[in-house]
């Protein structure tokens, strides 16, 4: 994980360790002790910082919200053209083989109707990519950037789910094609709009 948010020390160590356990086993299937098994952190220390499993899950999701955009978009940050950056984003996903799925989406699904705070944090985490796509679409000057960002996020989330279930990164090849088609359509609309102003 990249950045550390405002938690530090032992508390951050607990959150980082639990992050991977929850990712691998799911939230409901992973108890507090299982989330930190093998960490060397005592049960007493865990409960000192996190009185309940839900408190720990919320801290894990906050950390995920902080790191996910950097993890996803930093590999293409050196590309100055926003259109090219979006396309390269799908190439990087294919080559990195990230197949774990969206932790935020997992949390929102597992806790729907059970814990509104976790559901809200899960939704927030799963929309971070969309926010970055929106920023890039605005920079590119596309018409209806919010709609386009939602489409790109839908393509990305779909590829992520398929990649997770199939165990390989090949869905990102199709996702790149779909994203290219959506961006081309937006580019054509942008050119028409520019011509009509002259």
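Data overview
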item: Cβ-based exposure ranking for 126, 170, 80, in which fewest neighbours within 10 Å come first; result: 80, 170, 126
item: With Cα atoms, 0 to 90° folded angle of helix 171-197 axis to the chain main axis; result: 40 degrees
item: Ellipticity estimate at 222 nm from DSSP helix runs (n ≥ 4, -39,500 (n - 2.57)) divided over the chain, nearest 500; result: -24000 deg cm²/dmol
item: Helix 145-166 axis, angle to the chain major axis (alpha carbon atoms, nearest 10°); result: 50 degrees
item: Three-way shape label, the stretch 85-146, alpha-carbon gyration tensor, a/c 1.5; result: oblate
item: Length added when fully stretched, residue 10-residue 120, from 0.36 nm per residue minus Cα-Cα; result: 37.0 nm
item: Separation of the residue 109 and residue 37 label points, Cα + 7 Å toward Cβ, nm; result: 2.3 nm
item: Computed FRET value (nearest 0.05) for residue 191 with residue 164, which takes r as the C-beta separation and R₀ as 30 Å; result: 0.20
item: The chain: angle of helix 82-96 to the longest principal axis, Cα-based, in degrees nearest 10; result: 50 degrees
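Only the coordinates and a few stated rules stand behind these numbers; no lab work does. These figures come from a predicted structure and were not determined experimentally. Please note: Cβ atoms are built from the backbone with ideal geometry, for glycine as well, and neighbour counts cover all protein chains shown.
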